[in-house]
1. Modelling each spin label as a point 7 Å along the Cα-to-Cβ direction, I'd like the residue 225/residue 67 distance in nm, to one decimal.
2. Where does helix 107-120 land angle-wise versus the long Cα axis of the chain, in degrees 0 to 90, nearest 10?
3. For region 45-141, which trypsin sites (Lys or Arg not before Pro) pass both filters: DSSP loop (anything but H, G, I, E, B) and at most 15 other C-beta atoms within 10 Å?
4. Mind jotting down a quarter of the surface of the convex hull over the alpha carbons of region 117-231, in square nanometres, one decimal?
5. Pairing the Cα long axis of helix 88-105 with the longest principal axis of the chain, what angle in degrees results, from 0 to 90 and rounded to the nearest 10?
6. For helix 155-185, what angle does its Cα long axis make with the longest principal axis of the chain, in degrees from 0 to 90 and rounded to 10?
7. What length, rounded to one decimal in nm, is gained on full extension from residue 179 through to residue 44, with 0.36 nm per residue of separation minus their alpha-carbon distance?
8. Dipole of region 5-103, Cα-centred, from +1 at each Lys and Arg C-beta and -1 at each Asp and Glu C-beta, to the nearest 20 debye?
Amino acid sequence: MTGSGRLDTRERLLLTAEKLFGQRGVNGVSLREIVRAAGQRNASALHYHFGSREGLIDAIFDKRMRAIEKRRMEMLDRIEAENRTDDLRAIAEAIVWPLAEVMAREEEGANYVRFLTEMFLTPDFDIAKMVEGRLNHGVGRAFRMIEKNLGEMPAAILRQRLPLIMHAGSYAIADIHATRQRHQTAGRELDLDQAINNLVDMWVGAVSAPVSEETLESLQKKEAARRTAAA
């Protein structure tokens, strides 16, 4: 088989896995099913190209997140060049829009968004560790900007909020895609820009929401218990 043939086979397997994982969950699809659905006769093709389920998942992230990361870094560069690092909405746009643009471009992008939301629900895989140090520089950079803007908020609260809102935003993008498909089936159009801009507004509101007395009290109890245990 030629080099280009190997690449074609690898790509078919990757795209098929991404779609099936998004539909049925990462642990809901066997590797054999992926090979069959990709039209491959060689049962060992997936192991040849990816080594394992974990290697396949890592390859999906590598394919999609490099483009998302590049776009996010470009947006953050522009924010810094324009001295807008105190603009929470601009930072939220740099987090939300790169993923939304992938979803909007093509069906494959929508498959990735569904795959991503399934990964969030799979405790067997730690996404943060999988992409740490190579595919998450943009998110880390955006989070640091947010932390500087919300310096009065307890660090423990902000550290908890940021990944939760990140995950919720991904689910929202997947839901926007599903709504868009329903509208198209009914002969209507969804205003994608308005929907994503509204999501950005929600993102800003969630991350900067005042911390309630109840939450502060829970945090204080947790910290007191930790100090007692360490004494």
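Laboratory data are not the source of any read-out in this text; all were calculated from the coordinates shown. Note that the coordinates shown come from a computational prediction; the quantities given were computed from them, not determined experimentally. All Cβ positions, glycine included, derive from the backbone under ideal geometry; neighbour counts span all protein chains shown.
1. 4.5
2. Orientation of helix 107-120: about 60 degrees from the principal axis.
3. Details: sites: 53, 63, 64, 66, 70, 71, 72, 78, 84, 89, 105, 114, 129, 134, 141; in loops: 84, 134.
Loop-located and lightly packed - 84, 134.
4. Working: hull surface 41.5 nm².
Hull-based average projected area comes out at 10.4 nm².
5. Roughly 10 degrees, rounded to the nearest 10.
6. It is inclined by approximately 50 degrees.
7. Values: separation 135, 0.36 × 135 = 48.60 nm, distance 3.81 nm.
Contour length minus Cα-Cα distance gives 44.8 nm.
8. Numbers: 18 positive and 16 negative charges, 155 e Å.
In debye, rounded to 20, region 5-103 gives about 740.
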